[in-house]
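Encoded as structure tokens, the structure appears first; notes follow it.
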Amino acid sequence: MVSSKLSGKVQTVLGPIGPDDLGVTMTHEHLMIDFRCVFLEPQEASKKGLAYAPISMENLGWIRYNWRSNLDNLTLFDEETAITEASRYVRAGGRAMVDATSIGIGRDPVALARIARATGLHVVMGASYYVGSTHPPDMDQRTVEQLADEVVRDITEGVDDTGIRSGIIGEIGCSWPWTDNERKAVRAGGIAQQHTGAPLLIHPGRHEAAPMEIIAELRKTGADISRTIICHIERTIYDWNKLVEVAGAGCYLEYDLFGHESSHYPFAPTDMPSDAQRMDQIAWLIGQGFVENILLAHDVCTKHRLARYGGHGFDHILNNIVPRLRQRGVTEEQVHTMLVENPKRVLTFK
């Protein structure tokens, strides 16, 4: 049963707040993360030096195109940098952010709390596990019920002995094809949602069939699909009719890769859409009646996307994308729905 202290509230790392206090929210970012699990070492001897060199102006162009092949780029460990970058977002009008870093990629409750205090930002922390390659060695032996109990504890009591509580279940990582343990984590998330009333955040495998497969699995657990976010939708579904199918299931479609302007996508033999293509899809979905199903974010998880390292920063959507959405005919009310009302609705515990 949902705790009466959480029902009707949004849970941040500094405690529950009222939904109306949330304001403009990015629903998928990473203030601190250890993303070395995706490292892809170049095969050519001449490029191995680039893989292990610190990020700099001299190699930034190469890193932007080969961003998972530089180890330094894959680590966001510095709190002062996170504070500076988050402060840019706050100055641009941002009030809240979901830090989607889950277990296995460096989730850091205490650091998130310090960043929240230093910036005044409402930070919502994730729970559960990322993709199978980051799972603990004993994941095969863990049951769905044990995983669900762990998520429930993170939300109701706090992570380990920190007392700092998660406010969203995810991002739960899935590969394609997804593994048995990833399926277990998804099922555990659905069960934990029923016990806590928390929202779900799903990282789908890189295949157009993945979102609906995951939704079908969640339905078996009795999960609330209307409080489920399918993230990275723009790198997952390219057929616009399939977008309508997923949105029609009642979940949220999260366009969370804004700022990725290199079409080269090193994880799959597909092209990453540009910001312009993302906006075209969003405008089209709004025209189809799905404005209340859309969430926006950047999924910053590498140094090269931070302003300090020549990137767009957490304020990119507010400073650059929102004006361009308006030019496409998206109204102020629709922008407000995507940036304020939708996050408020999904992040409020039921």
### Task
Only residues that are touching a residue at least 12 places away in the same chain (Cβ under 8 Å), part of a loop (DSSP other than H, G, I, E, B) and exposed (fewer than 15 other Cβ atoms within 10 Å of the Cβ): list them for segment 43-71, please.
P54, M57
### Summary
The correct count of residues that are assigned to a helix (DSSP H, G or I) and out of contact with any strand residue (DSSP E or B) (no Cβ under 8 Å at 6 or more places or on another chain) in segment 151-163 is 3
### Task
Sort out which residues of segment 133-142 are in contact (Cβ under 8 Å) with a residue 40 or more places away in the chain and part of a loop (DSSP other than H, G, I, E, B), and write them in order of number.
H135, R142
## Note on the structure
Wholly inside segment 164-249, strands (runs of 3 or more DSSP E) that include 2 or more residues that are under 19 Å from G132 (Cα atoms) are 168-173, 200-203
### Task
Specify the residue that is surrounded by the fewest Cβ atoms within 10 Å (Cβ to Cβ); the eligible residues are those in segment 267-315 that are hydroxyl-bearing (S, T, Y) and in contact (Cβ under 8 Å) with a residue 60 or more places away in the chain.
T270
### Query
Does Y265 count as closer than 23 Å to Q334 by Cβ and touching a Lys or Arg at 6+ places or on another chain (Cβ under 9 Å)?
no
### Message
Just the residues that are acidic (D, E) and crowded, with 24+ Cβ neighbours inside 10 Å, please, taken from segment 119-154.
### Response
D154
### Task
List every residue pair whose Cβ atoms lie under 7 Å apart, where the two residues are 6 or more positions apart in sequence or sit on different chains, the first residue falls within segment 182-201 and is in contact (Cβ under 8 Å) with a residue 60 or more places away in the chain and among the hydroxyl-bearing types (S, T, Y), and the second residue, located anywhere, is assigned to a helix (DSSP H, G or I) and surrounded by fewer than 22 Cβ atoms within 10 Å (Cβ to Cβ).
T196/V152; T196/T156
#### Entry: Extreme residue, surrounded by the fewest Cβ atoms within 10 Å (Cβ to Cβ), among residues of segment 240-265 that are closer than 19 Å to Y65 by Cα and of a type in the set (D, E, K, R)
E261
### Task
Would you please list the contacts, defined by Cβ atoms under 9 Å and residues six or more apart or on different chains, that run from a residue in segment 326-350 that is in contact (Cβ under 8 Å) with a residue 24 or more places away in the chain and farther than 13 Å from N293 by Cα to a residue that is assigned to a helix (DSSP H, G or I) and among the hydroxyl-bearing types (S, T, Y)?
F349/T196
### Summary
Per the filter on segment 250-268, residues modelled with pLDDT of 95 or more, of a type outside the set (D, E, K, R) and not in a strand (DSSP E or B) are G250, C251, L257, F258, G259
### Query
Looking at V110, V123, which is the one that is part of a strand (DSSP E or B) and within 27 Å of L147 (Cβ to Cβ)?
V123
### Task
Residues being free of Cβ contacts under 8 Å to residues at least 40 places away in the same chain and surrounded by 13 or more Cβ atoms within 10 Å (Cβ to Cβ): count how many of those fall in segment 17-40.
2
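The values are calculated or read from the model by the stated rules, or taken from the named source; none is laboratory data. Since we're looking at a predicted model, the values are computed, not measured. Cβ sites come from the backbone with ideal geometry, for glycine too, and all protein chains shown count toward neighbours.
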